[in-house]
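**Q** Submitted below is the structure of interest, expressed as structure tokens.
The values are calculated or read from the model by the stated rules, or taken from the named source; none is laboratory data. Every value quoted in this text rests on a predicted model; they were computed, and no experiment measured them. Here Cβ is always computed from backbone atoms with ideal geometry, including for glycine, and neighbour counts include all displayed protein chains.
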Amino acid sequence: MDEMRIGVTGCAGRMGRMLLRVLAADPACTIAGGTDAPGSDAIGRDLGSLAGLPPLGIVVGEDPVDFFASVEGVVDFTTPAATMAHSELAAQARVPLVVGTTGLDARQQAAIERAARHTAIVQAANMSLGVNLLLALVERVAGSLGDDYDIEILEMHHRHKVDAPSGTALALGEAAAAGRAVALDAVAARGRDGITGERRPGDIGFAVLRGGDVAGEHAVVFAGEGERIELTHKATSREVFARGAVRALLWARDRGPGLYGMRDVLGLA
Ligand code: NAD
């Protein structure tokens, strides 16, 4: 099959630059363009130089409309507001889209779901193979253990991350809640401070650490009387997310409209 002509929105960001490096090394893909936020210092810079690669002869743009008309697929790791706008453009241009951005509110998520009626969208809070296996394991373990095993979810990320808990931590919470056949909203304990009272039976607790350059660490703890099970995933490089995102876009190339997850891409659904 011909190389897929792929564009990267937010190409000057931490994930954007990693995506450019992964795409440049993948014989199934060609880098077709990149955009960043209007007014960003990156506008007009060569995409290759931006990613520490030889120059590609393509510069970072700021007009997403032209950009969506000129590519066969887009990978988006930007901000919730930008992702919402990009999903609408992907729907209009019938271009498959991979959404890695986290922290979307209900209105922004609804826009993604609307756009997915017109094109294939793969959305996952975490694109790594390991985390997607972890999600399946957590659901199974939560389903096997009773409420007397308290579930706590810990995550740590670099100091620049702006949303908390991480999208992955929330997805792990959803998986644990699904295993217990409850709604996460009804049992999530997301902020403990001061005199909180005893732990409510059945709660799923979240704890958040921020610091340094941590790419992403998650642990799900099942704490019972006299024993504790801990399932942990540590990403040591952002490359795993970028490789997963590119794999998802190549998979989405021949799909009809719909909202898919990494479980679909990896055949775990
Ligand atoms: P970042 O801040 O380094 O990069 C975001 C980039 O998007 C910036 O360059 C910014 O200028 C750009 N941007 C903002 N508005 C834009 C617009 N309207 N058009 C084009 N570009 C725009 O952040 P990051 O660390 O790369 O993370 C980005 C997002 O991806 C976050 O939500 C993060 O949580 C998420 N993330 C997801 C995964 C995953 O596997 N799904 C992995 C890592 C990060």
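Per-residue answers, yes or no, for (1) among the hydrophobic types (A, V, I, L, M, F, W, C); (2) within 15 Å of the chain's Cα centre (by Cα):
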site: 165; (1), (2): no, yes
site: 186; (1), (2): yes, no
site: 198; (1), (2): no, no
site: 222; (1), (2): yes, no
site: 228; (1), (2): no, no
site: 241; (1), (2): yes, yes
site: 265; (1), (2): yes, yes
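**Q** Continuing with this model, one more query. Checking the structure you have, find out if any residue of region 67-78 is of a type outside the set (A, V, I, L, M, F, W, C) and without any contact (Cβ under 8 Å) to a residue 60 or more places away in the chain.
**A** No: zero hits.
**Q** Are any of the residues in region 181-197 part of a helix (DSSP H, G or I), surrounded by fewer than 18 Cβ atoms within 10 Å (Cβ to Cβ) and small (Gly, Ala, Ser)?
**A** Looking through region 181-197, at least one residue is part of a helix (DSSP H, G or I), surrounded by fewer than 18 Cβ atoms within 10 Å (Cβ to Cβ) and small (Gly, Ala, Ser).
**Q** Check 91, 110 and return the single one that is hydrophobic (A, V, I, L, M, F, W, C), over 24 Å from residue 164 (Cβ atoms), at pLDDT 95 or above and away from the ligand (no atom under 15 Å from the Cβ).
**A** Of the residues listed, the single one that is hydrophobic (A, V, I, L, M, F, W, C), over 24 Å from residue 164 (Cβ atoms), at pLDDT 95 or above and away from the ligand (no atom under 15 Å from the Cβ) is 91.
**Q** What are the residues in region 2-29 that are away from the ligand (no atom under 16 Å from the Cβ) and either over 16 Å from residue 248 (Cα atoms) or without any contact (Cβ under 8 Å) to a residue 12 or more places away in the chain (or both), if any?
**A** 2, 24, 25
**Q** On to the next question. Output yes when any residue across region 138-160 is outside any helix (DSSP H, G or I), in contact with a His (Cβ under 9 Å, 6 or more places away or on another chain), modelled with pLDDT of 95 or more and surrounded by fewer than 18 Cβ atoms within 10 Å (Cβ to Cβ), and no when none is.
**A** Checking region 138-160: not a single residue is outside any helix (DSSP H, G or I), in contact with a His (Cβ under 9 Å, 6 or more places away or on another chain), modelled with pLDDT of 95 or more and surrounded by fewer than 18 Cβ atoms within 10 Å (Cβ to Cβ).
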